[in-house]
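Remarks on the structure that follows.
The values are calculated or read from the model by the stated rules, or taken from the named source; none is laboratory data. This is a predicted model, so every value here is computed, not measured. Using ideal geometry, Cβ is built from the backbone for each residue, glycine included, and neighbour counts are taken over all protein chains shown.
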Amino acid sequence: MLETLAWTFFKIGILGFGGGPGSIGVIQQLSEQAGLVDGGTFADQLAVGSTLPGPLATKLAAVIGYQNAGWAGAVVSVVAVVLPSALVMTLLLTWLLTHRDIPVVKGILLAGKPIALAMVALAFLQLVPGTFTTWIPALLFVATVVLVRFFGVPVVPVIVGGLALGVLSAYRFFLP
């Protein structure tokens, strides 16, 4: 069963372009062909997988793998679905770093930085309207920037602290 899970999710990792929604059909078809799911259970697995954090393809791999072979199945399926992208990215990075002195590669790397920054800025701008609905999220934003950038506080404690304040806020213990 582990071999079937590994091979099926490796193929899904190779063929599943376009993120989670674009991969759903590929995951369903290849999982059904391998006998890992049927049409009725796939909808349930998709519902369960959608409640978990992380990318959809890895969540479905974990759910389907777990239901077919327990924890070992979940681990094998997640590794198999991530492996193709990890290999391609590692090879591409190795090639870029090895050839970074070639003018064409220098141009690619030079153009990549502002494009990546623009994508982050666009994502930030899309999040702003739904995030800063009161003064509390704005205060948390400023506090996070100040703590991490100017005081060198590690990111993980800041995230955990912010989440704790959110929990307290939900129970009205601390924030209004």
Residues to consider are LEU140, LEU163, LEU117, LEU93; find the one that is over 30 Å from LEU36 (Cβ atoms), at pLDDT below 85 and assigned to a helix (DSSP H, G or I). LEU163
So which pairs qualify, if the first residue must be in the range 136-158 and free of Cβ contacts under 8 Å to residues at least 12 places away in the same chain, the second must be part of a loop (DSSP other than H, G, I, E, B), the Cβ gap must be under 6 Å, and the two must be at least 6 apart or on different chains? ALA138/PHE132; LEU147/VAL153
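Which one of PRO53, PRO114 is over 18 Å from THR8 (Cα atoms) and not assigned by TED's automatic domain parsing to the domain that holds ALA6? Break it down stepwise before answering.
Numbers: PRO53 fails: not assigned by TED's automatic domain parsing to the domain that holds ALA6.
The conditions single out PRO114.
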Condition test on ALA111, is it at negative phi and out of contact with any Leu (no Cβ under 7 Å at 6 or more places or on another chain)? yes
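Looking only at the range 97-154, count every residue that is of a type in the set (D, E, K, R) and either surrounded by 11 or more Cβ atoms within 10 Å (Cβ to Cβ) or within 30 Å of GLY166 (Cα to Cα) (or both) and tell me the total. Steps first, please.
Within the range 97-154, the first condition is being of a type in the set (D, E, K, R), and the residues that meet it are 100-101, 106, 113, 149.
Checking the rest, the ones that are also either surrounded by 11 or more Cβ atoms within 10 Å (Cβ to Cβ) or within 30 Å of GLY166 (Cα to Cα) (or both) come to 100, 106, 149.
Counting residues in the range 97-154 that are of a type in the set (D, E, K, R) and either surrounded by 11 or more Cβ atoms within 10 Å (Cβ to Cβ) or within 30 Å of GLY166 (Cα to Cα) (or both) gives 3.
Looking at LEU163, LEU92, LEU83, LEU87, can you tell me which residue is farther than 30 Å from LEU5 by Cβ and either outside the structural domain of GLY54 (by TED's automatic domain parsing) or not basic (Lys, Arg) (or both)? Before the answer, list the steps.
Working: LEU92 fails: farther than 30 Å from LEU5 by Cβ; LEU83 fails: farther than 30 Å from LEU5 by Cβ; LEU87 fails: farther than 30 Å from LEU5 by Cβ.
On inspection, the qualifying residue turns out to be LEU163.
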